[in-house]
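Quick one: this structure, given as structure tokens, is what I'll be asking you about.
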Amino acid sequence: MIRAVHTAATGMEAMQTNLDNIANNLANVNTTAYKESTATFHDLFYQNIRDPGGQAGPDTVKPTGVQVGVGVKTASVHKNFEPGPIKVTGREFDVAVNGDGFFAVESDNGETLYTRDGNFQKLPDGRLATVHGHVLQPTITVPQGTVKIDIAPRGIVSAVDSNGKRQDIGRIQLVNFVNPSGLRALGSGLYQISDASGTPNQGNPGESNFGQLQAGALEGSNVNIVTEMVNMIQAQRAYEMNSKAMQSADTMLGTTTGVLR
Amino acid sequence: MSKGVWPAVSGSIAQSQRLDVVANNLANVNTAGFKRDQAAFRHLLSDAMAAQAKEEVPRQIPTDKEIHRLDGRDKAFVIVDEIRTDHTQGMVKTTGNPLDVAIEGKGFFEVLTPTGVRYTRQGNFMLNGDGALVTTEGYLVLSATADAAPAAGAPAPAPTREELAARAIVIDQANPSQLTITRDGGIFRGREQVNQLSIVEFVDTKLLAKEGSSTYRNELPANLVREPASSNVRQAMLETSNVNPVKELTEMLNATRMFEANQKIVKNYGDLESRAVNDIGKL
């Protein structure tokens, strides 16, 4: 009975984590290039009161045992890198990756971080950077006097000056990982390498398994609202059911203590 | 205390153990691939039931035991004899994730845990940093293998950890969305087969012990069947928990009320004793 109380408590905690995760996904349903987080659960260990397969007699083996579980734990909350929908914005510095691959940007302390958010801006010195000021790597500098920028699907960035002359000013590179779900999410759409993600693999857009670039467009959030709503209903009802199990155990304990008056 | 109270106490303990099982089922109502447990009770008689003797006209003053024959029923107990895992197929939901797999049928995936080979139904796999297919706990998912032909009379030697780790499924080139997994567990990139998932079945699923983290341990090597007869692998889908909340809540209600009923018996015995001690001897 006391075991049931703790088991139900683990269930409620797990559903709370589940709901926190769902709420985060729903809050970011309109965030550019947001990747939804999935929570998965595992049952906790089992207490073997009697192992299966024990001897019942000289020739008979008991077919089952007595094992009581102690609840549930959150196994992982990881990001799901399915591509989101691509929304056309028409802005010349906006880029969306149509497929796999991250942009590499340099953070304030020189570390390389990765992002799918292609909403780039031009710094005063002409370099392309994110809205937080993280410079796109490899650096692409827009020369003074440029009238228009074109970003080709294969990454080549070209600038047209006031005379109509076009010159190539660089090529956007994409980075890929064996296990992108293993990247550490830092917020603001940025991801950091971890031991679980594998080493970064750089390449040109459109080649091997890198996606092509779509200029003048941004990748939307890949949160599926219907799925999140269904998950939310399940989480809420599971929470309620676990609270009922706890209430039952409490009633039983109350009955036991009520035996002695 | 009169001995009639002990069967009631055993009943209370059994019902509270039943509630523990129900609570675990409910806690895991959202765990993918979870199989619900069910407690089974067994009635024990600690004395063999006395044979029915012929009725005889009493020649001496009868004792209470002869008038009120219990035939061993006063020493009967109930215990939780086994906790059976119900391996009914859970509902399969679509997730869209190319590395999620669900099994329809009786099969299990083979995974390599730090303590040896275990089996699981939870198919939400991912790639680790080296490109190997792993579970969310990091256990390697093993590829299919043929059983070594047993030497005459002698059982096949157990595979070493290195041999098992060599059966890991490594996907080189990071792009899981290009992989397709066929119904028999074959892993294809385009038209080329890259590897084969190991799907195994068991002759008797009752011999599987749950080990937590959604894995099962097989007690008898002879229980394992390497050629699955009836299992289909579905990609981008996950099997959900087979816990039926309505059933569990009914069990819980039942357990609670039976517990209360047993406790009432205990209380009644207490009252009777109290009466015997306090009232009968009153002067």
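The values are calculated or read from the model by the stated rules, or taken from the named source; none is laboratory data. What you see is a predicted model; the values in this text were computed from it and never measured. Don't worry about glycine lacking a Cβ; one is built from the backbone with ideal geometry, like all the others, and counts go over all protein chains shown. Please note that ligands, DNA and RNA were not included when accessible areas were found on the heavy atoms of the full protein model with its side chains. Shrake-Rupley method; radii C 1.70, N 1.55, O 1.52, S 1.80 Å.
In the stretch B:95-133, what count of residues is obtained for those that are in contact with a strand residue (DSSP E or B) (Cβ under 7 Å, 6 or more places away or on another chain) and without any contact (Cβ under 8 Å) to a residue 24 or more places away in the chain?
Matching residues across the stretch B:95-133 total 1.
Considering only residues that are open to solvent by less than 30 Å² (accessible area, probe 1.4 Å), within 15 Å of the chain's Cα centre (by Cα) and within 12 Å of chain B (Cβ to nearest Cβ), which ones fall in the stretch A:198-232?
Correct list: A:Asn222 only.
Okay, next question. For A:Met1, all conditions in the list (1) surrounded by 18 or more Cβ atoms within 10 Å (Cβ to Cβ); (2) touching a strand residue (DSSP E or B) at 6+ places or on another chain (Cβ under 6 Å); (3) within 29 Å of B:Gln17 (Cβ to Cβ) hold save one; what is the number of the exception?
Every condition holds for A:Met1 apart from (2).
Moving to a separate point now. I need a count of the residues in the stretch B:108-142 that are of a type in the set (D, E, K, R), assigned to a loop (DSSP other than H, G, I, E, B) and over 19 Å from A:Asp195 (Cβ atoms).
Matching residues across the stretch B:108-142 total 1.
Taking the condition on the phi > 0 side of the Ramachandran plot and open to solvent by 30 Å² or more (accessible area, probe 1.4 Å), does B:Gly116 pass?
no
Another question, then. What residue, of A:Val135, A:Val97, A:Val147, is open to solvent by 50 Å² or more (accessible area, probe 1.4 Å), out of contact with any helix residue (DSSP H, G or I) (no Cβ under 8 Å at 6 or more places or on another chain) and either of a type in the set (A, V, I, L, M) or in contact (Cβ under 8 Å) with a residue 40 or more places away in the chain (or both)?
Of A:Val135, A:Val97, A:Val147, the one residue that is open to solvent by 50 Å² or more (accessible area, probe 1.4 Å), out of contact with any helix residue (DSSP H, G or I) (no Cβ under 8 Å at 6 or more places or on another chain) and either of a type in the set (A, V, I, L, M) or in contact (Cβ under 8 Å) with a residue 40 or more places away in the chain (or both) is A:Val147.
Out of all the residues in the stretch B:259-276, is one or more of a type in the set (A, V, I, L, M), free of Cβ contacts under 8 Å to residues at least 40 places away in the same chain, more than 30 Å from A:Thr40 (Cα to Cα) and away from every other protein chain (no Cβ under 12 Å)?
yes
Something else now. What pairs come out if I take residues in the stretch A:213-236 that are closer than 16 Å to A:Phe41 by Cβ and pair them with residues that are among the polar types (S, T, N, Q) whose C-beta lies under 8 Å away, six or more apart or interchain?
A:Asn231/A:Asn18; A:Gln234/B:Asn30; A:Ala235/A:Asn18; A:Ala235/B:Asn30
Checking A:Ala238 against (1) open to solvent by 20 Å² or more (accessible area, probe 1.4 Å); (2) part of a helix (DSSP H, G or I): exactly one of these is not met. Which one?
(1)
Residues checked against (1) farther than 28 Å from B:Asn25 by Cα; (2) open to solvent by 50 Å² or more (accessible area, probe 1.4 Å); (3) of a type in the set (A, V, I, L, M, F, W, C); (4) in contact with a Pro (Cβ under 7 Å, 6 or more places away or on another chain):
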{"residue": "B:Leu164", "(1), (2), (3), (4)": "yes, no, yes, no"}
{"residue": "B:Ile169", "(1), (2), (3), (4)": "yes, no, yes, no"}
{"residue": "B:Ile181", "(1), (2), (3), (4)": "yes, no, yes, no"}
{"residue": "B:Gly190", "(1), (2), (3), (4)": "yes, yes, no, no"}
{"residue": "B:Val200", "(1), (2), (3), (4)": "no, no, yes, yes"}
{"residue": "B:Ala209", "(1), (2), (3), (4)": "no, no, yes, yes"}
{"residue": "B:Leu220", "(1), (2), (3), (4)": "no, yes, yes, no"}
{"residue": "B:Leu224", "(1), (2), (3), (4)": "no, no, yes, no"}
{"residue": "B:Ala229", "(1), (2), (3), (4)": "yes, yes, yes, no"}
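Name the single residue, out of those in the stretch A:19-50 being closer than 16 Å to A:Lys73 by Cα and in contact with a helix residue (DSSP H, G or I) (Cβ under 7 Å, 6 or more places away or on another chain), that is farthest from the other protein chains (Cβ to nearest Cβ).
A:Leu19
Go through the stretch A:45-68 and give me each residue that's modelled with pLDDT of 75 or more, crowded, with 19+ Cβ neighbours inside 10 Å and in a loop (DSSP other than H, G, I, E, B).
Within the stretch A:45-68, A:Thr64, A:Gly65 meet the criteria.
So, in the stretch A:170-197, how many residues would count as being touching a helix residue (DSSP H, G or I) at 6+ places or on another chain (Cβ under 7 Å), open to solvent by 10 Å² or more (accessible area, probe 1.4 Å) and at the interface with another protein chain (Cβ under 7 Å from one of its Cβ atoms)?
1
Determine, yes or no, whether B:Ser198 is under 14 Å from B:Phe109 (Cβ atoms), touching a Gly at 6+ places or on another chain (Cβ under 6 Å) and of a type in the set (S, T, N, Q).
Considered against the rule, which asks whether it is under 14 Å from B:Phe109 (Cβ atoms), touching a Gly at 6+ places or on another chain (Cβ under 6 Å) and of a type in the set (S, T, N, Q), B:Ser198 comes out as no.
Within the stretch B:234-241, does at least one residue satisfy the condition of being open to solvent by less than 50 Å² (accessible area, probe 1.4 Å), more than 20 Å from B:Leu133 (Cα to Cα) and part of a loop (DSSP other than H, G, I, E, B)?
Let us first name the residues in the stretch B:234-241 that are open to solvent by less than 50 Å² (accessible area, probe 1.4 Å), namely B:235-241.
Next, only the ones that are more than 20 Å from B:Leu133 (Cα to Cα) stay: B:240-241.
Then drop every residue that is not part of a loop (DSSP other than H, G, I, E, B), which leaves B:240-241.
Looking for residues that are open to solvent by less than 50 Å² (accessible area, probe 1.4 Å), more than 20 Å from B:Leu133 (Cα to Cα) and part of a loop (DSSP other than H, G, I, E, B), one finds at least one in the stretch B:234-241, hence yes.
Here's another thing I want to ask about it. Looking at the stretch A:150-194, which of the residues that are among the β-branched types (Val, Ile, Thr) and in contact (Cβ under 8 Å) with a residue 60 or more places away in the chain is farthest from B:Val134 (Cα to Cα)?
First, the residues of the stretch A:150-194 that are among the β-branched types (Val, Ile, Thr): A:151, A:156-157, A:160, A:169, A:172, A:175, A:178, A:193.
Subset that is in contact (Cβ under 8 Å) with a residue 60 or more places away in the chain: A:151, A:172, A:175, A:193.
Working: A:Ile151: 38, A:Ile172: 33, A:Val175: 23, A:Ile193: 19 Å.
Top of the filtered list is A:Ile151.
Oh, and also: Scan (1) β-branched (Val, Ile, Thr); (2) touching a helix residue (DSSP H, G or I) at 6+ places or on another chain (Cβ under 9 Å); (3) more than 11 Å from every other protein chain (Cβ to nearest Cβ) for the single condition A:Thr255 breaks and write down its number.
Among (1) β-branched (Val, Ile, Thr); (2) touching a helix residue (DSSP H, G or I) at 6+ places or on another chain (Cβ under 9 Å); (3) more than 11 Å from every other protein chain (Cβ to nearest Cβ), the lone unmet condition for A:Thr255 is (3).
If you scan the stretch B:16-42, which residues turn out to be within 11 Å of B:Glu251 (Cβ to Cβ) and open to solvent by 20 Å² or more (accessible area, probe 1.4 Å)?
The answer is B:Arg18, B:Gln38, B:Ala39.
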